[in-house]
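Quick notes on the structure that follows.
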Amino acid sequence: MNEAREKLEHIIDVLHEPHKGKLRKPRTYKKRARKDYLSVAKQRKAGARKIRKAVGKQLGYVKRDLKIIENLLTQSSLSLLSKDEYRQLLVIHELYRQQAEMYKKKTHRIDHRIVSISQPHVRPIVRGKAKANVEFGSKVAISVVDGYALIEHLDWENYNEGTTLRESVEHYYNRFEFYPEAILADKIYRNRDNLAYCKSLGIRLSGPRLGRPSKMEGKRKYGLGLIRARLQEASETVVAFPFLILNLERKFRVLFQKFSYNNILHFDNRNLDCL
């Protein structure tokens with residue numbers, strides 16, 4: 001909310017610029033708002049009451065700034081804003097609505113919750129891990145067929161991976177015109193519905209093999225856990241690239257094995273001819 005307030009104050013400056021010296025600039029109380037924010041942000045561990053009080057104050061400042069902008073637009077044009085500034089204004093409108101609703105209902109959850117103004121498509125995903133209880137980024141369902149990785153489902157919203165198995169199986173059928181003989185899947189995919197579905201098609205649904213995960217795992221080797229792209233389309237493209245590289249490496253390994261095998265046969269044949 002503090003970031004939203006600061007961006008709104010900048011937008012107010014831009015919209016007021018043509019009227020500088022003619023009209024009085026609306027008061028935004030930016031110094032007071034900044035002081036209220038820092039009084040909580042600098043605390044090592046602020047209590048729930050203090051945080052709620054601080055959020056309420058920032059909501060008030062943001063609401064006031066949005067009203068000021070609404071009034072300024074009766075005299076100024078949105079064309080004064082850059083593309084990024086206009087996009088930020090739209091995002092902040094929705095951010096304020098979400099935060100005000102959660103504040104009123106005393107909850108921390110809402111559908112399609114915005115946690116970043118610059119990346120409004122990113123969602124918080126609670127994972128319960130020791131290192132990071134909440135992660136941010138896209139969730140990708142991957143299938144591996146004969147060593148080649150295929151993206152089956154990519155979404156920024158939090159979803160249950162187990163629900164994507166049927167979709168992946170049908171994608172497999174559309175690609176190869178027959179169902180797989182067996183599926184090796186994580187525990188989350190082996191629920192009653194999926195087991196019954198696979199059984200009806202004569203597919204064996206097995207679990208992962210024992211031992212440590214392979215070092216060839218894309219998330220570890222190719223940095224899928226460290227996506228730095230900001231735009232949604234760019235992020236999805238960056239996510240797809242490591243799988244392209246994985247598949248190319250797989251293809252080159254297969255070609256190299258065939259090349260080596262053919263060379264060995266040729267060498268043996270020449271020796272046999274000599275004999």
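Where a number appears in this text, it was derived from the coordinates with a stated rule and is not lab data. What you see is a predicted model, and the numbers here were worked out from it, not measured in a lab. Cβ sites come from the backbone with ideal geometry, for glycine too, and all protein chains shown count toward neighbours.
By how many nm would the segment from SER79 to SER206 grow when fully extended, if each residue of separation counts as 0.36 nm and the alpha-carbon distance is taken off? Each step should come with its number before you reach the end.
Numbers: separation 127, 0.36 × 127 = 45.72 nm, distance 5.83 nm.
Length gained between SER79 and SER206: 39.9 nm.
Rounded to the nearest 20 Debye, what is the dipole magnitude of segment 1-133 about its Cα centre when Lys and Arg each give +1 and Asp and Glu each give -1 at the C-beta?
Result for segment 1-133 is approximately 1040 debye, rounded to the nearest 20.
Ordered by residue, what ³J(HN,Hα) values in Hz, to whole numbers, does segment 152-169 give under the Karplus form 6.51 cos²θ - 1.76 cosθ + 1.60, where θ = phi - 60° and Gly and Pro are x?
Per-residue couplings from phi come out as 8, 7, 10, 8, 8, 7, 6, 9, 7, 4, x, 7, 9, 5, 4, 4, 5, 5 Hz.
Going down the list LYS7/LYS63; LYS106/LYS139; LYS22/LYS83; LYS25/LYS53; LYS105/LYS139; LYS50/LYS106, which pairs span over 23 Å between their C-alpha atoms?
With Cα atoms farther than 23 Å apart: LYS106/LYS139; LYS22/LYS83; LYS25/LYS53; LYS105/LYS139.
Around GLU152, which amide H atoms from residues at least 5 apart in sequence, or from another chain, sit under 5 Å from its own amide H, with H modelled in the peptide plane?
Counting only residues 5 or more places away or on other chains, the set is ALA141, ILE142, SER143.
For segment 2-105, what value does the Rg/Rh ratio take when both radii are computed over Cα atoms and Rh is the Kirkwood radius, given to two decimals? Walk me through the numbers before you get to the answer.
Numbers: Rg = 14.9 Å, Rh = 14.7 Å.
Radius of gyration over Kirkwood radius for segment 2-105 works out to 1.01.
May I ask you to evaluate 6.51 cos²θ - 1.76 cosθ + 1.60, the Karplus curve with θ = phi - 60°, for each residue of segment 31-44 and list the ³J(HN,Hα) values in order in whole Hz, giving x for glycine and proline?
In residue order, the calculated couplings are 5, 5, 5, 5, 5, 5, 5, 5, 4, 9, 4, 7, 6, 5 Hz.
For VAL144 and ASN191 in one chain, what is 0.36 nm times their gap in residues minus the Cα-Cα distance, to one decimal in nm?
On the way: separation 47, 0.36 × 47 = 16.92 nm, distance 2.00 nm.
Contour length minus the Cα-Cα distance gives 14.9 nm.
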